[in-house]
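The values are calculated or read from the model by the stated rules, or taken from the named source; none is laboratory data. This one's a predicted model, so the numbers in the text were calculated from it and none came from an experiment. Ideal geometry is used to build each Cβ from the backbone, glycine not excepted, and the neighbour counts take in all protein chains shown. Accessible surface is based on the protein model in full, side chains and every heavy atom, while ligands, DNA and RNA are left aside. Shrake-Rupley method; radii C 1.70, N 1.55, O 1.52, S 1.80 Å.
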Amino acid sequence: MDEGDHAVLEAWRERIGAARRGGSSLRLRGAGTKDFYGEELNGDILHLGSWRGIIDYEPSELVISARCGTPLSEVEAALAAHEQFLAFEPPAFGGDPTLGGIIAAGLSGPRRMFAGAARDFVLGARLLTAQGDLLRFGGAVMKNVAGFDVSRLLCGSLGILGILTEVSLKVLPRPRLEETRRLELSAGQAVTAFNRWQGLPLPLSGAAWWQGTAWVRLSGATAAVRAARAQIGGDAVPPLDAERFWSALRHYQLPPHAAASVWRVSLPQAAPRIDVPAEPLIDWGGALRWYANVPPEIDMRERARAVQGTALHWRGAPPGKRFPPLPAAIASLHRRLKERFDPAGVFNRGRLIAGV
Amino acid sequence: MEAPELPDIVGALRAVLPAECVLERAEERRPYECDGLTAFRSVPAVVVLPRTEDEVRRTLLTCHRLKVPLVARGSGTGLSGGATPHPAGVLLSCARMSRVLEVDPINRIARVEPGVPNLKISEAAAPHQLYYAPDPSSQVACSIGGNVAENSGGVHCLKYGLTVHNVLGVRGYTVAGERIELGGQAPDSAGLDLLALTIGSEGLLLIVTEVLVRLIPRPPCAQLVMASFADVQSAGSAVAAIIAAGTIPAALEMMDRKATAAVEPFVHAGYDLQAAAILLVESDGTPEEVREQVQEIERVLRAAGATALRVSESEAERLRLWSGRKNAFPAAGRLSPDYYCMDGTIPRKHVGHVLEAIERMEREYGLRCMNVFHAGDGNLHPVILFDANEPGSWERADRFGAEILELCVQLGGTITGEHGVGLEKLNSMCVQFSPAERAAFFAVKEAFDPDGLLNPGKLIPTLARCAEYGRMHVHGGAMPHPDLPRF
Ligand SMILES: Cc1cc2nc3c(=O)[nH]c(=O)nc-3n(C[C@H](O)[C@H](O)[C@H](O)COP(=O)(O)OP(=O)(O)OC[C@H]3O[C@@H](n4cnc5c(N)ncnc54)[C@H](O)[C@@H]3O)c2cc1C
């Protein structure tokens with residue numbers, strides 16, 4: 001860190017100190033691609049986008065460490081130069097999100113069930129706390145069980161425990177070959193087929209369904225992909241069309257994502273169709289289903305619970321009612337963690353849980 | 001902590017539990033005095049063997065009311081003293097909670113009780129051509145509850161991940177008896193990722209009573225490549241070269257000559273005893289995939305200077321080649337009255353450097369050390385050979401180990417890759433973490449267990465302890481009173 005860097009951190013510490021003393025809250029913001037996301041947006045904006053840059057990237061270690069403000073495009077370009085990538089495929093929402101925001105939100109793309117979720121790739125993190133301490137958890141190595149796994153806890157925390165100043169992520173080599181097959185199936189047939197295929201040693205890396213078409217992506221060794229074609233059947237999708245579809249799915253840019261009211265329902269992969277008059281967009285081989293414009297009298301949380309799922313009101317939720325409510329014992333653990341990490345409620349107050 | 005009168009806790013437990021669940025006679029408690037790290041021993045005040053979740057809850061409520069410490073135990077194979085009992089506390093063994101509750105081949109999950117041995121899960125899933133991927137070498141014995149507590153890995157976690165990547169949910173109880181359900185079959189779950197926090201928490205946060213794991217299809221085919229190297233540096237570079245070539249093998253293990261020489265006489269694995277180090281590189285998948293990957297691996301290993309290559313031609317040969325690796329610890333036990341297995345992780349590129357440093361330390365401490373490890377993950381398992389009956393020998397082994405771990409931290413690595421901190425690595429935690437970081441760990445602990453009753457004194461060193469360790473370090477690395485037991 002040079003002098004300019006110290007100045008940035010010092011300025012942040014001052015803002016934190018001032019907020020703490022004044023009883024106010026700071027709203028942490030990277031590139032703002034997820035301004036719509038979270039329960040409540042409170043406090044004065046603290047811009048984190050200027051704290052950027054890749055700190056360390058050695059392809060043979062399969063690890064990249066970068067500052068929180070580093071744009072996704074910069075990370076992906078660096079990785080692509082060495083035929084590597086972020087296998088959890090974070091959504092960009094049509095913008096260029098920062099790495100800190102990506103990890104704080106913890107959202108994962110179509111490879112979620114096949115390669116892992118964002119948190120599965122988090123190896124380490126640095127956290128600037130409400131006390132102004134810069135803490136380091138985890139590291140830049142593949143295996144690390146020293147102390148509690150706080151770096152994974154920060155993934156998906158929406159910034160309520162402190163400022164993620166730096167993260168280290170596991171990266172993977174790009175698959176040798178990637179190919180998409182398209183099949184005409186009903187939603188129910190698609191979910192059944194996805195689950196059957198996932199029980200077989202096939203190189204799947206995406207399984208989605210929308211408007212009567214199942215999309216199946218295969219990635220891996222050339223021989224494995226070729227051998228899988230026959231088992232999946234269907235038609236080969238031209239590479240450009242395939243790229244367009246997976247990219248729109250990953251970045252939440254298909255029509256159902258943009259409706260006025262959208263429910264994101266996560267459920268056991270083979271769960272039967274839930275009783276809703278709309279057809280979903282299905283991702284994650286059946287485990288993620290998006291429902292647009294569901295009539296308001298339908299209790300989506302209840303319908304999801306009936307099949308052991310959870311429903312998140314992605315768009316169009318009344319204030320404070322976006323995320324599924326937490327059971328009392330778990331909510332109290334959240335409050336106790338927040339009280340200990342950020343007793344004055346400086347960081348992103350109410351963003352993950354209303355009032356916390 | 002003030003220990004309550006012994007009869008109090010036993011009587012209170014007897015009042016809420018069936019008689020056969022509570023062991024109080026000295027000879028019944030004795031077998032629980034240590035886990036796999038036998039250098040640490042202490043007999044618990046009482047042992048509880050619950051059969052049901054409700055009995056776990058009652059035990060917790062009782063401990064909570066009387067403020068008595070409780071240490072959970074799975075199969076006791078842990079290598080860091082995580083399950084070492086508290087002398088004034090309850091040792092809660094999950095051994096009788098060992099049922100596989102559900103195998104769902106369609107959703108590809110299994111629900112199991114915490115005492116189920118790791119391998120039993122894969123056995124239960126086998127009829128569906130599915131298995132549970134993390135495979136610690138102790139998998140015949142170690143429990144899934146212990147695996148969750150330690151975030152255990154295995155030789156195949158390079159490709160398939162650690163426990164944290166393969167456990168979808170847990171049910172557990174706080175020390176106050178509150179039931180906590182984390183994760184589940186639905187991949188999204190609301191709020192903070194307390195499941196990730198619980199995995200690897202060494203029994204300090206929750207007592208786990210049920211585990212939901214992901215099952216994956218068993219690869220139809222696997223082949224193992226054994227490569228010999230004339231020096232450890234080039235073996236280390238070959239590891240990096242394989243990863244850089246864009247292949248992730250199913251396993252990538254290294255053994256140095258001391259290790260191969262130790263196992264070969266009794267396992268007859270067929271290792272190249274001339275080689276300074278061997279690599280065991282496994283490929284798995286469909287036959288086409290394996291053929292392609294093995295060719296690639298052979299090419300990279302040759303280019304990296306392998307002096308000899310052998311590819312397993314049959315399943316029997318593959319298993320034989322693995323048997324040496326899997327029996328490395330028992331082999332150490334045959335070579336030496338005692339051995340001490342370390343568990344640091346480093347960036348892969350430093351493998352050669354660390355092995356050389358260990359050779360220097362062998363001379364310095366006058367002890368032998370063989371190296372068997374998960375090279376693909378940079379996870380070292382130096383095995384230090386010593387004789388506990390020889391005065392000062394254990395202390396030297398302990399310091400030797402601590403020095404290796406400090407080197408790991410210096411190189412950007414960690415003091416434990418998969419065995420956990422327990423009691424063993426408390427001092428090394430002072431090296432890896434600042435006081436503020438350790439305070440954050442205590443903050444997490446307090447949020448779950450404000451009275452500090454679950455597995456007290458493990459995982460996080462106190463400020464006083466680190467200050468003491470720091471003082472000892474000032475004396476040029478030489479410990480004061482090496483003859484006194486320090487734990
Ligand atoms: C020969 C040998 C080889 C090994 N190889 C490997 C290896 O390859 N990879 C690896 O990672 N480890 C390995 N280990 C270490 C050990 O097997 C693992 O750490 C294992 O997960 C411990 O499981 P256990 O059931 O024996 O747990 P125990 O030793 O009984 O306990 C371990 C920890 O878990 C806690 N715990 C147990 N059950 C619960 C519960 N229900 N709720 C909350 N906390 C609980 C205990 O309090 C303790 O802190 C090896 C050990 C041996 C002896």
- Task: Report the residue count in region A:32-60 for those that are in a loop (DSSP other than H, G, I, E, B), under 18 Å from A:Ser73 (Cβ atoms) and aliphatic (A, V, I, L, M).
- Result: 1
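Residue-by-condition table, conditions (1) within 17 Å of the chain's Cα centre (by Cα); (2) at the interface with chain B (Cβ under 8 Å from one of its Cβ atoms):
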residue: A:Phe85; (1), (2): yes, no
residue: A:Gly95; (1), (2): yes, no
residue: A:Thr98; (1), (2): yes, no
residue: A:Gly116; (1), (2): yes, yes
residue: A:Arg119; (1), (2): yes, yes
residue: A:Asn144; (1), (2): no, yes
residue: A:Leu169; (1), (2): yes, no
- Task: Report yes if B:Pro18 is exposed (fewer than 15 other Cβ atoms within 10 Å of the Cβ) and without any contact (Cβ under 8 Å) to a residue 40 or more places away in the chain, otherwise no.
- Result: yes
- Assuming B:Lys425 fulfils every condition listed in (1) charged (D, E, K, R); (2) at the interface with another protein chain (Cβ under 8 Å from one of its Cβ atoms); (3) open to solvent by 60 Å² or more (accessible area, probe 1.4 Å) apart from one, which condition is it? (3)
- Message: When you check B:Ser152 against the structure, is it touching a residue at least 40 places away in the same chain (Cβ under 8 Å), more than 10 Å from chain A (Cβ to nearest Cβ) and within 11 Å of the ligand (Cβ to nearest atom), yes or no?
- Response: no
- Query: Only one of B:Phe433, B:Phe441 is under 27 Å from B:Thr163 (Cβ atoms), within 16 Å of the ligand (Cβ to nearest atom) and either more than 20 Å from the chain's Cα centre (by Cα) or among the hydrophobic types (A, V, I, L, M, F, W, C) (or both); which?
  - Reply: B:Phe441
- Going through region A:287-338 in order, the residues found to be in contact with a helix residue (DSSP H, G or I) (Cβ under 8 Å, 6 or more places away or on another chain), of a type in the set (A, V, I, L, M) and within 12 Å of chain B (Cβ to nearest Cβ) are A:Ala311, A:Leu326, A:Ile330, A:Leu333, A:Leu337
- Scanning region B:35-76 for residues that are in a loop (DSSP other than H, G, I, E, B) and open to solvent by 50 Å² or more (accessible area, probe 1.4 Å), which turns out farthest from the ligand (Cβ to nearest atom)? B:Lys67
- Message: Need the failing condition index for B:Ala244 against (1) more than 14 Å from the ligand (Cβ to nearest atom); (2) touching a residue at least 24 places away in the same chain (Cβ under 8 Å); (3) surrounded by fewer than 24 Cβ atoms within 10 Å (Cβ to Cβ), just the number.
- Response: (2)
- When B:Glu113 is evaluated against the numbered criteria (1) within 24 Å of A:Pro203 (Cβ to Cβ); (2) open to solvent by less than 50 Å² (accessible area, probe 1.4 Å); (3) among the charged types (D, E, K, R); (4) more than 8 Å from the ligand (Cβ to nearest atom), which criterion, by number, is the only one it fails? (1)
- Message: Show me the strands (runs of 3 or more DSSP E) entirely contained within region A:205-293 in which 3 or more residues are closer than 25 Å to B:Glu289 by Cα and at pLDDT 95 or above.
- Response: A:213-220
- Query: Among the residues of region A:262-286, how many are open to solvent by 30 Å² or more (accessible area, probe 1.4 Å), of a type outside the set (Lys, Arg) and either away from every other protein chain (no Cβ under 14 Å) or on the phi > 0 side of the Ramachandran plot (or both)?
  - Reply: 3
- Message: For region B:79-110: of the residues being in contact with a helix residue (DSSP H, G or I) (Cβ under 6 Å, 6 or more places away or on another chain) and within 14 Å of chain A (Cβ to nearest Cβ), which is farthest from the ligand (Cβ to nearest atom)?
- Response: B:Ile106
- Within region B:234-343, which strands (runs of 3 or more DSSP E) (wholly inside it) include 1 or more residues that are touching a Phe, Trp or Tyr at 6+ places or on another chain (Cβ under 7 Å)? B:251-256, B:277-285, B:338-341
- Going through region A:122-138 in order, the residues found to be open to solvent by 10 Å² or more (accessible area, probe 1.4 Å), facing another protein chain (nearest Cβ under 8 Å) and outside any strand (DSSP E or B) are A:Gln131, A:Asp133
- Note on the structure: Going through region A:63-116 in order, the residues found to be outside any loop (DSSP other than H, G, I, E, B), out of contact with any Pro (no Cβ under 9 Å at 6 or more places or on another chain) and among the aliphatic types (A, V, I, L, M) are A:Ile64, A:Ala66, A:Val75, A:Ala77, A:Ala78, A:Ala80, A:Ala104
- Item | Residue count, region A:126-152 (criterion: β-branched (Val, Ile, Thr) and either in contact (Cβ under 8 Å) with a residue 60 or more places away in the chain or outside the structural domain of A:Ile16 (by TED's automatic domain parsing) (or both)) | 2
- Among residues of region B:201-216, those that are more than 10 Å from the ligand (Cβ to nearest atom) and crowded, with 24+ Cβ neighbours inside 10 Å, counted: 2
- Query: Is there a residue being part of a strand (DSSP E or B), open to solvent by 10 Å² or more (accessible area, probe 1.4 Å), outside the structural domain of B:Ala245 (by TED's automatic domain parsing) and touching a Leu at 6+ places or on another chain (Cβ under 6 Å) anywhere in region B:349-356?
  - Reply: no
- Message: The conditions are (1) over 24 Å from A:Gly139 (Cα atoms); (2) acidic (Asp, Glu); (3) more than 16 Å from the ligand (Cβ to nearest atom); (4) open to solvent by 40 Å² or more (accessible area, probe 1.4 Å), and B:Glu395 fails exactly one of them. Which is it?
- Response: (4)
- Residue satisfying all of: in region A:199-236; touching an Asp or Glu at 6+ places or on another chain (Cβ under 8 Å) and β-branched (Val, Ile, Thr); most open to solvent (accessible area, probe 1.4 Å) among these: A:Thr222
- Pick from region B:304-345, criterion away from the ligand (no atom under 13 Å from the Cβ) and within 14 Å of another protein chain (Cβ to nearest Cβ), ranking: most open to solvent (accessible area, probe 1.4 Å): B:Ala304
- Taking into account only those residues within region B:116-129 that are in contact with a Ser or Thr (Cβ under 8 Å, 6 or more places away or on another chain) and not in a helix (DSSP H, G or I), which is nearest to the ligand (Cβ to nearest atom)? B:Pro117
- Single unsatisfied condition, B:Pro219 versus (1) part of a loop (DSSP other than H, G, I, E, B); (2) within 16 Å of the ligand (Cβ to nearest atom): (2)
